[in-house]
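Report on the following structure.
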Amino acid sequence: MNELLTKYPQEIEAILAKYPPEFKRSAVMPLLHLAQSDPGYVTVQALQDIAEICGIAITEVGSIVGFYTLYYDKPLGRYHIQVCTDLPCALRGADKFLRELCERLGVKVGEPTADGLFVIEEVMCLAACHRAPMFQVHGGGDLVYHENQTVETALAVLDTLRQQVALEQEGKA
Amino acid sequence: MTEYMLLRHRDIPDLDQLKVYTKNGGFEAWKNVVTSQEPAELVQLVKDSGLRGRGGAGFPTGMKWSFVPNNLWPHYVVANADESEPGTFKDREIMESNPFQFLEGLMIASFAVQANVSYAYLRGEFWQVGQKLEQKIVELEKAGFLGDNLFDTKYSLRLHIHMGAGAYICGEETALLESIEGKLGQPRLRPPFPAVAGLYASPTVINNVETLTNLPPIVQNGVTWFREHGTEKSPGVKVFSLSGCINNPGNYELPLGATFRQLIYELGGGIPEGRAIKAIMAAGASSALIPATDAALDTPMDYESVANLGASLGSASVIVLDETVSMSWLAQKTTHFFKHESCGKCTPCREGTYWMAHILDRIEDGQASANDVDLLSTVARQMQNKCLCALGEFSTMPVVSSIEKFRGDFLARVDGQNR
């Protein structure tokens with residue numbers, strides 16, 4: 001049974017309609033975005049489901065996950081806090097910002113926080129060079145930019161996310 | 001300049017609302033071309049305008065369109081919205097704040113080559129911009145600007161957004177096509193060129209967001225008006241993304257041919273704390289460094305004049321570097337970027353960026369000797385002219401030019417002389 005197709009029938013139909021019927025493979029990237037929106041990463045089941053929908057081998061879907069940086073193959077922090085440290089951002093203090101943010105959270109780059117909610121990552125240019133330091137929050141099916149940041153404002157963003165998650169969990173309980 | 005041509009949202013509030021956009025002449029150009037123009041006339045108009053591609057290469061847009069053969073169908077147009085060059089953030093502002101002018105441009109280009117389906121490829125990080133554009137496309141379908149038999153003609157057009165997922169290389173047009181086809185974003189061997197065999201092996205035009213955004217005003221106001229801006233060989237205006245050591249970073253729309261000095265000092269407010277300017281990168285991380293002499297600062301920013309400085313205007317992403325910036329540190333930064341973004345297809349790029357990064361790390365760590373600087377230069381030069389796409393080539397630009405023009409910065413780091 002194709003779990004992805006069962007879970008998102010309308011979304012998948014809309015994705016497939018964008019491309020010529022004989023080139024279903026084009027749907028692989030939007031399907032990967034869809035598949036990881038809820039669990040936060042691409043599960044092995046999702047790889048199989050997508051391979052089936054697109055009519056390609058599961059290893060080909062896996063290679064796409066490996067090639068593109070916004071797909072994750074394992075659960076590592078619900079939210080990816082991705083700080084750009086490329087040249088223009090670095091000239092506006094992004095390296096120092098990243099270092100101090102990690103210190104305040106008591107984690108290293110690439111290491112999840114103790115509550116498993118966040119993982120701080122260093123990423124390449126995000127087209128926000130004029131508003132550095134900046135980071136994007138990727139997770140929960142969304143991707144949001146936070147620009148002109150200080151360590152304090154960044155910690156406040158993380159606090160807000162933490163509260164949201166706590167509220168959601170209360171709602172579920 | 002009194003009125004914006006591309007960043008019109010700065011003149012007109014809420015221009016991202018369809019009502020506001022149409023009230024200000026929006027989609028008049030679109031209706032005009034669909035109902036009363038032959039595609040060939042439109043191609044000729046854009047050729048005559050002298051519009052050149054704003055994504056970096058500066059290739060004449062009308063000529064690009066004219067390469068599409070009329071005996072092979074279907075045709076596609078793809079908007080390149082993968083904006084990922086460090087220092088570039090102009091397409092993002094256009095799509096966020098003036099989305100309809102961009103979409104109208106994509107539609108006009110589609111009509112010019114008679115494409116019935118076109119795509120905009122956005123980098124995955126522009127997730128929210130992508131969602132906004134999807135909504136705008138639905139509005140355009142409801143308003144009858146997109147769909148079947150437009151304005152009671154035989155012409156039909158659908159637009160789709162395709163989101164990338166984090167890969168600089170997908171800004172390279174053939175890698176971008178591979179990515180839409182659901183493959184790894186790796187460049188193709190050319191020929192055949194996309195104009196003949198592009199998306200799904202069909203003739204395809206790929207234009208940058210800013211290039212497309214020029215089309216509605218060109219169609220509406222004509223070639224003579226357009227050519228009143230910019231220079232003879234580089235007509236029109238350009239959005240310059242200004243970043244780095246500068247008081248007022250941001251996007252600035254200026255006629256091509258404005259000088260670096262005007263951008264950096266008059267508009268950008270100069271260097272913070274009155275420090276001295278040291279060098280300029282005109283095309284983001286892919287730039288050869290331009291030492292900031294008076295002559296360089298007074299150089300007009302158009303394709304030819306910047307080329308005469310031994311650099312390139314590219315997408316006009318001007319990164320300003322002041323006296324506190326060490327060029328060996330800079331080369332390390334840009335090289336790590338290219339090492340990360342190399343798609344791995346061509347050996348010289350994959351291995352070259354890896355080894356350049358290693359040597360630069362050693363230099364920055366104070367573990368290198370003066371010989372290593374020459375070794376670095378040799379590795380960089382050996383990569384040149386050996387890669388399928390420009391990434392490998394561009395990765396060597398900051399390295400070779402910084403060693404050539406600022407060798408002292410490297411020597412200050414070697415033989416135990418670290419900092």
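All of the numbers you see were taken from the coordinates with simple rules; none came from a lab. Here the structure is a predicted model, which is why all the values come from computation and not from measurement. FYI the Cβ positions are ideal-geometry reconstructions off the backbone, even for glycines, and counts take in every protein chain you see.
Things worth noting here:
- Calculated [222 nm] ellipticity per residue, helices only, for the protein assembly as shown: -13000 deg cm²/dmol; basis is -39500 (n - 2.57) per DSSP H run with n ≥ 4, divided by all residues, nearest 500.
- Charged neighbours of residue B:273, selected by a Cβ distance under 12 Å, balance to -1 (K, R count +1; D, E count -1).
- Inter-centroid distance (Cα atoms) of segment B:323-395 relative to segment B:91-165, Å: 38 Å
- Members of B:47/B:238; B:136/B:238; A:108/A:172 lying beyond 23 Å, as alpha-carbon distances in this model show: B:136/B:238; A:108/A:172
- Around residue A:102: net Lys/Arg minus Asp/Glu count, Cβ-Cβ under 12 Å: -2
- Taken one residue at a time, the phi angles of segment B:325-333 give Karplus couplings (6.51, -1.76, 1.60, θ = phi - 60°) of 8, 7, 6, 6, 5, 4, 5, 4, 4 Hz. Gly and Pro are set to x.
- Cα-based shape type of segment B:335-419, given that a ≥ b ≥ c are square roots of the gyration tensor eigenvalues and the cut on a/c is 1.5: prolate
- The residues packed around residue A:122, meaning those with a beta-carbon under 10 Å from its beta-carbon, carry a net charge of -3 if Lys and Arg are +1 and Asp and Glu are -1.
- Sequence ranges B:157-164, A:49-56, A:110-117, ranked by mean other-Cβ count within 10 angstrom, highest first: B:157-164, A:49-56, A:110-117
- Relative contact order [Cα under 8 Å, 6+ residues apart], chain A, whole percent: 19 percent
- Extension gain for residue B:35-residue B:382 works out to 119.5 nm (0.36 nm per residue, less the C-alpha to C-alpha distance).
- For segment B:111-202, size of Cβ-based charge dipole, Lys and Arg +1, Asp and Glu -1, in debye: 80 debye
- In terms of other Cβ atoms within 10 Å, B:73, B:127 run from fewest to most in the order B:73, B:127.
- Relative contact order (%) - criterion: Cα under 8 Å, at least six apart; region: chain B: 16 percent
- Listed by chain and number, the lysines whose alpha-carbon sits under 24 Å from that of residue A:24, ignoring those within fewer than 8 places in the same chain, are A:7, B:183.
- Reachable lysines from residue B:386, criterion Cα separation under 18 angstrom, eight or more residues apart if same chain: B:339, B:345
- Each label was represented as a point 7 Å from its Cα along the Cα-to-Cβ direction; for residue A:5 and residue B:131 these points are 2.8 nm apart.
- Most positive-pole-ward Cα, A:91, A:133, A:118, against dipole of segment A:86-173 from beta carbon charges: A:91
- Binned Cα-Cα distances of chain B, short to long, each 20 Å bin given as a whole percent: 27, 55, 17, 1
- The mean number of partner chain beta-carbon atoms within 10 angstrom of a residue's beta-carbon across peptide B:128-136 is 1.
- The mean number of Cβ atoms from other chains found within 10 Å of a Cβ in peptide A:87-97 is 6, as a whole number.
- For chain B, a simple Cβ point-charge model (Lys and Arg +1, Asp and Glu -1, everything else neutral) yields a dipole of about 560 debye relative to the Cα centre.
- Across chain A, counting alpha-carbon atoms alone, Rg and Dmax equal 18.0, 52 Å.
- For segment B:227-343, pairs of C-alpha atoms spaced more than 18 angstrom apart make up 48 percent of the total.
- Cα-centred dipole magnitude for segment A:18-115, charges only on beta-carbon of K, R (+1) and D, E (-1), debye, nearest 20: 240 debye
- Taking label points 7 Å from Cα along the Cα-to-Cβ direction, residue B:273 and residue B:358 give a separation of 3.7 nm.
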